[in-house]
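Here is the structure we will look at.
The values are calculated or read from the model by the stated rules, or taken from the named source; none is laboratory data. Being a predicted model, the structure only gives us computed values, none of them experimental. Reconstructed Cβ throughout: ideal geometry from the backbone, glycine too, with neighbour counts over all protein chains shown. Accessible surface areas use protein heavy atoms only, side chains included; no ligands, DNA or RNA. Shrake-Rupley method; radii C 1.70, N 1.55, O 1.52, S 1.80 Å.
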Amino acid sequence: MIEYPRRGGPTVLRILLGAQLRRMREAKGISTEQAGYEIRGSHSKISRMELGRVGFKERDVSDLLTLYGVSDAAERASLLELAKEANTPGWWHRYGDVLASWFEVYLGLEEAASLLRAYELQFVPGLLQTEDYARAVVRLGFSDAAEDEVERRVQLRTTRQARFTSPGAPTLWAVVDEAVVRRPLGGREVMRQQIKHLIEMSELPNVTLQIVPFGAGGHAAAGGPFTILRFAEPGLSDVVYLEQLTSALYLDKPTDVDTYMRAMNNLCITAARPDRTADYLADILHDA
């Protein structure tokens, strides 16, 4: 039996269950059309289920297990329990009033990731922002938001950050363009406190921060920010997250992931060494 992780909320559980159902279907040589017919649905519904992009009805899972020849009671019970848990809202559900549906997927992946590698060229990565800096970013992106909405969005961000300073914290490796730490977002004092916070965070054993200096010129990731998420669970492949103004892209094809991984590795080579980050930021703080 597979030991499924219970961290990461419904997003990860749906992906793992979907992958298991796909393997069972393919092992039996059953098409998505046949499987869809069995649960009174379409082949596209089966595809969405197998990708973990929709919730699971326990009856549908039960019918599919029967179709795939799964008769062992313990195995069926385990997978049906997983289907039930996959429909349980994650902790971020309480922020549903300020949370875009496309971002919920990312939060589930972030919660389950063992390693996050991020590149930013405009803002300090959300997981490394102070509350005041985060407040300035939120107000910039949601200029018409009421004060209570701004605070809710900031709370969501700080709740995400808490995991990275807790026991068993994942690894965060962030690369930022020098413009990120030079731009006085929120005002001079907010930026000074943000830089001090970056220095403190860069000293944590699970956080690596690098800065790409202006003098480095152009580089392979000039197209925009991205995050690569890696998971300890063997059933989950790496995912590249690309955020847009009103939506996001999640890339998990090996060719796409490899392209972004090469870009990230090149960025790490181009950027100043991690052991120079604290001194680099201290110099910027002195000039601020």
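Hey, can you tell me all the residues within region 56-73 that are in a loop (DSSP other than H, G, I, E, B) and either of a type outside the set (S, T, N, Q) or modelled with pLDDT of 95 or more (or both)?
Just the residues of region 56-73 that are in a loop (DSSP other than H, G, I, E, B), to begin with: 56-57, 68-72.
Answer for region 56-73, where residues must be in a loop (DSSP other than H, G, I, E, B) and either of a type outside the set (S, T, N, Q) or modelled with pLDDT of 95 or more (or both): PHE56, LYS57, TYR68, GLY69, VAL70, ASP72.
Looking only at region 267-278, which residues are assigned to a helix (DSSP H, G or I), out of contact with any Gly (no Cβ under 9 Å at 6 or more places or on another chain), farther than 16 Å from MET201 by Cβ and open to solvent by 20 Å² or more (accessible area, probe 1.4 Å)?
Answer for region 267-278, where residues must be assigned to a helix (DSSP H, G or I), out of contact with any Gly (no Cβ under 9 Å at 6 or more places or on another chain), farther than 16 Å from MET201 by Cβ and open to solvent by 20 Å² or more (accessible area, probe 1.4 Å): CYS268, ILE269.
Looking at (1) loosely packed, with under 13 Cβ neighbours inside 10 Å; (2) touching a Leu at 6+ places or on another chain (Cβ under 6 Å), can you tell me which one GLY215 breaks?
Of the numbered conditions (1) loosely packed, with under 13 Cβ neighbours inside 10 Å; (2) touching a Leu at 6+ places or on another chain (Cβ under 6 Å), the odd one out for GLY215 is (2).
Please find, within region 42-63, the residue that is most open to solvent (accessible area, probe 1.4 Å) out of those that are within 26 Å of GLU111 (Cβ to Cβ) and acidic (Asp, Glu).
GLU58
Do we have LEU109 as open to solvent by less than 70 Å² (accessible area, probe 1.4 Å), in contact (Cβ under 8 Å) with a residue 60 or more places away in the chain and touching a helix residue (DSSP H, G or I) at 6+ places or on another chain (Cβ under 7 Å) here?
Taking the combined requirement at face value, the residue satisfies it.
Being exposed (fewer than 14 other Cβ atoms within 10 Å of the Cβ), part of a loop (DSSP other than H, G, I, E, B) and on the phi < 0 side of the Ramachandran plot is the filter here; which residues of region 29-41 pass it? Spell out the reasoning first.
Going residue by residue through region 29-41, those that are exposed (fewer than 14 other Cβ atoms within 10 Å of the Cβ) are 29, 31, 33, 40.
Filter once more, keeping what is part of a loop (DSSP other than H, G, I, E, B): 29, 31, 40.
Result: SER31, single match.
Just to check your reading of the model, which residue among LEU281, LEU209 is of a type in the set (A, V, I, L, M, F, W, C), assigned to a strand (DSSP E or B) and either in contact with a strand residue (DSSP E or B) (Cβ under 7 Å, 6 or more places away or on another chain) or under 17 Å from LEU121 (Cα atoms) (or both)?
None of the others qualify; the one that does is LEU209.
Among the numbered criteria (1) in contact (Cβ under 8 Å) with a residue 24 or more places away in the chain; (2) assigned to a helix (DSSP H, G or I); (3) farther than 30 Å from LEU21 by Cα, which one does TRP102 miss?
That leaves (3) as the condition not met.
Go through (1) open to solvent by 40 Å² or more (accessible area, probe 1.4 Å); (2) at pLDDT 95 or above; (3) more than 17 Å from the chain's Cα centre (by Cα) one by one and return the number of the condition GLN122 breaks.
Result: GLN122 fails condition (2) only.
What number of residues within region 111-123 satisfy the criterion of being closer than 19 Å to ALA162 by Cα and out of contact with any strand residue (DSSP E or B) (no Cβ under 7 Å at 6 or more places or on another chain)?
Going through region 111-123 one residue at a time, the tally reaches 2.
Hey, any hits in region 251-271 for a residue that's among the charged types (D, E, K, R), at pLDDT 90 or above and over 30 Å from GLY108 (Cβ atoms)?
For region 251-271, residues among the charged types (D, E, K, R), at pLDDT 90 or above and over 30 Å from GLY108 (Cβ atoms): absent.
Keeping to region 162-198, report how many residues are buried (at least 18 other Cβ atoms within 10 Å of the Cβ) and among the polar types (S, T, N, Q).
Total satisfying the criteria: 1.
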